[in-house]
Amino acid sequence: MRYPPTRRRQSPVRRWYLQRMVLVEALVMGALGLVLGGMVGIALGALWIRWTFPYLLGYVLDFHLPYVQLGLIGLMTALVCAIAAVLPARGAARLEPAVALRYE
């Protein structure tokens, strides 16, 4: 079935797919930032405790990770990323799919 040029869609992408794409992208970037920042932070914390504190304090401190707090930080990061992506996702869903994907 052929549509007139005014009624033909530019791409078969659905609006909810664009919204989901923006949300998933925000969650992936947040998870990547959380993992990289966590690795660097743990490494620098261990370095600080094992190498610098003995010279400053004169004794060695124990290094331990608070796993419950790390889990809560991960959940809060995912929540903040999802909330921050809601408005851009709605804006992308309002645009014509071809226009929204052009800037992606």
> Do the conditions hold for Leu57, that is, is it among the aliphatic types (A, V, I, L, M) and under 18 Å from Gly30 (Cβ atoms)?
Replying inline: no
> Which members of the range 50-69 meet the condition of being of a type in the set (A, V, I, L, M), assigned to a helix (DSSP H, G or I) and more than 21 Å from Met39 (Cβ to Cβ)?
Replying inline: Leu56, Leu57
> Can you tell me which residues in the range 54-104 are among the β-branched types (Val, Ile, Thr), surrounded by 10 or more Cβ atoms within 10 Å (Cβ to Cβ) and out of contact with any Pro (no Cβ under 6 Å at 6 or more places or on another chain)?
Replying inline: Ile73, Thr77, Val80, Ile83, Val86, Val99
> So which of Leu44, Leu75 ends up being within 30 Å of Leu18 (Cβ to Cβ) and either in contact (Cβ under 8 Å) with a residue 60 or more places away in the chain or part of a helix (DSSP H, G or I) (or both)?
Replying inline: Leu75
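Coordinate-derived values only; no laboratory data. Treat the numbers as computed from the prediction; the structure is a model and nothing was measured. Neighbour counts run over all protein chains shown; Cβ positions are idealised from the backbone, glycine included.
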